[in-house]
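Student: First, the structure itself, so that you have it in front of you.
The values are calculated or read from the model by the stated rules, or taken from the named source; none is laboratory data. For clarity, every value in this text was computed on a predicted model and none was experimentally measured. Here Cβ is always computed from backbone atoms with ideal geometry, including for glycine, and neighbour counts include all displayed protein chains. We work out accessible area using only protein heavy atoms, side chains counted, and drop any ligands, DNA or RNA first. Shrake-Rupley method; radii C 1.70, N 1.55, O 1.52, S 1.80 Å.
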Amino acid sequence: MRLTWIVTAVVGLLLCVQLFLVPTGVRRSHSTQDDEVETLFREVEKEAKLVEQVIRRSKARAVVLTTRPPRATTGRNVGDSGKKSDQPYFASEEDTTPLKEALRLHHQKATAEVEESCTKTPDFQSSRHFRDFEAPKHAGWQLPTEQNEELATTCDPSNYEPSAEELSECVSFLSDLRNWKYLRPMSSILSKARTIKFVMQTSDPAVKAVLKIPQFKFVVEPYSEYASFSIDRLLNLRRVPPTAWVAVPVDWLRASMAVLMPSEYVQWVECFVFNHKQTKNHVKEWQPGVLSIYVSVQLWMKDVHELRSTSLRLSKSVVEEGLDPASGYGATSKIETWALEETSDLKVFDFIIANQDRTLLKNTFAVGKCGEPPWDCDSFADLKRVPHMVFLDQGSSLVAVRDQSMSSTVCKFRKRTFEAARQLVGKALSKAMEQRLPRIGFFDHWDKRQTAGAQTRLNSLVEHIKKCKEKYGANVWLDTIPEQSIHASDDAQ
C-alpha cells in the first residue's frame, strides 16, 4: 500500500499545481474539474495496485531461488574444480517448478560460461580429470504427470524373491509414467559410482527406482542392465531387482537437473548424453511428438548393504577352498554354507554375463546388515526372506564377446542352478532372450553378438559342471539349507 499512497500523492500535487497555474479565464467550472480529478485519482490508484501486485509476485519467486549451488566435491587430480557456481538452483524438500520455467533455467545453465567443459577440456570427466557431483538428498523435481489412481502400488522393496506374478506387476508399475512423481540426478562420485544416473520416486513414497542412461563411454549400460535382469530370471536366480525398460521424456531429465544441479553438471549431461555422436541417436520421438530416451528402471531395494558388512561376508581363502572339492574344506556354520551357495551363484551369473567389474569387495551387495551372531539381525522383521545376495550394477556386462572359461578350481554349485542352466544350452538362451527383450528401442543399439556370447559361455559352463561331476561325484553339489533354518542355532551341527 505504501507504493499506492506515494503515486497518489504525487499525482494530486501535480494536479493542484496545474489548477493554480492555468489562467482564470480559461479555467473550466469547478464541478467539471473535480469530476476529472476524481476519475484520474481512481485510475492512478488502480495502476499503482497492479504494480504492487507484480512486485509481490516477483518477491515470491525470489524466495524459491538461492544463489548457492550444491557444493561439488573435488575428484582426484581436479585442481580447484570444487569452486562454487554462480548459477542459481532450486532447493527445497520437493521442487514444484513448472516445466517451462525449469527448461528456461536449463537453457541458461547449458549456455553459461564455466571453467571446465567438454569443449574446453580435452579429458573432461575422465578418470584423470573427474569432478565429483553431490546431488540433493530430497525427493526431487515434481514431474508434470497425472497420477494414476487406478493402478495400486505393486512393488515391494523388501520382497527380494517375488513370484512371477508379483514381478510382472511390479515391472508394469515401474513402466507406467503416471506412477512417477519425482525425479532427480544421483550423485556422481569417482570413487563410488561415476556414471550419470537418476532416481525416480513413484506416487508411493516407499517405492523408488534407479535410472541408467546411455552415455559416452557407457553407451550400452542400460541395455546391459535389462539384459542381465532377463538372464537372472531365466536362470531362476532371482537376485536382480525388478527392472523395466522405459522411454523417458528428455525434457523431464533436463528440467530435473536444471533445478537441482549446477551449470557444470548440466553441460556434462548435455555433452555426454544428448549431444555426443555415440549417444545422440538414442534420442528419438519414441512417443508421438515427445523426444524421449530409453533407460533401464530398477527398483531400489530396502536394506541393501555392501557384502563385507553383512552375514554373507567370506574371506577370499574360504571362497577358494569352499568351492573347490579337492581342498576338503568343510563349512563351519550354517550361515557359511549358505554364503558359499550364494557366492557360487554369483560366480555362475557373472561368468555368463561376462561381468568383469565385480569382486568380493567391489559391487557386491547383500540384504541384512548383521552383528554377532551373524544371523541375529534387527532388519529381519522387515524382510520376507533370510539374508542373501542382491546382484546390482551389471552395466558393464555382456560387452565382451570373446570366449571365456570358468576357473578349474570352482567346482561346487547349487544343483538347482545347474538344472536351470542345462535347460538353456544350445541356442535356447539366445532364443529366450530375443523373446524377452523389448521390441522397441532395444535392438536398435543392441549387438546380437552380445546375446550369442552369453549363450556360448552358458554352454561352456554346463560342460564345466559336468566335468566336475565326473571328477568329484556328488561332492560338486553344495548342501542346500532351507532358508528358514538359517536362524537356527549351530549347536545342532
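Student: Only one of (1) touching a residue at least 40 places away in the same chain (Cβ under 8 Å); (2) hydrophobic (A, V, I, L, M, F, W, C); (3) open to solvent by less than 60 Å² (accessible area, probe 1.4 Å); (4) more than 24 Å from SER224 (Cβ to Cβ) is not met by VAL318, so which one is it?
Tutor: (1)
Student: For ASP251, state whether it is open to solvent by 30 Å² or more (accessible area, probe 1.4 Å) and part of a helix (DSSP H, G or I).
Tutor: Taking the combined requirement at face value, the residue satisfies it.
Student: Which of the residues that make up the stretch 91-145 are within 27 Å of LYS192 (Cα to Cα), in a loop (DSSP other than H, G, I, E, B) and among the hydroxyl-bearing types (Ser, Thr, Tyr)?
Tutor: Scanning the stretch 91-145 gives SER92, SER117, THR119, THR121, SER127.
For (1) part of a loop (DSSP other than H, G, I, E, B); (2) under 29 Å from SER127 (Cα atoms), each residue gets a yes or a no:
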residue: ALA206; (1), (2): yes, no
residue: ALA209; (1), (2): no, yes
residue: ASP232; (1), (2): no, no
residue: ARG239; (1), (2): yes, no
residue: SER256; (1), (2): no, yes
residue: TYR265; (1), (2): no, yes
residue: TRP268; (1), (2): no, yes
residue: LYS302; (1), (2): yes, no
residue: LEU314; (1), (2): yes, no
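Student: Looking at GLN267, GLN278, can you tell me which residue is open to solvent by 30 Å² or more (accessible area, probe 1.4 Å) and over 25 Å from ASN179 (Cα atoms)?
Tutor: Being open to solvent by 30 Å² or more (accessible area, probe 1.4 Å) and over 25 Å from ASN179 (Cα atoms) holds for just one of GLN267, GLN278, which is GLN278.
Student: Still on this structure, please answer the following. With the checklist (1) open to solvent by 50 Å² or more (accessible area, probe 1.4 Å); (2) more than 23 Å from ASP156 (Cα to Cα); (3) at pLDDT below 95 in hand, flag the one item GLU306 doesn't pass.
Tutor: Here GLU306 meets the rest and fails (2).
Student: Go over the candidates GLN298, GLN278 one by one and state the one that is of a type in the set (S, T, N, Q) and assigned to a loop (DSSP other than H, G, I, E, B).
Tutor: On the way: GLN298 fails: assigned to a loop (DSSP other than H, G, I, E, B).
It is GLN278.
Student: Taking the stretch 418-475 only, how many residues are crowded, with 18+ Cβ neighbours inside 10 Å and assigned to a loop (DSSP other than H, G, I, E, B)?
Tutor: Looking only at that region, the number is 3.
Student: If you don't mind, there's one more thing I want to ask. May I ask you to list the residues in the stretch 211-229 that are of a type in the set (D, E, K, R), closer than 22 Å to MET433 by Cβ and not in a strand (DSSP E or B)?
Tutor: GLU221, GLU225
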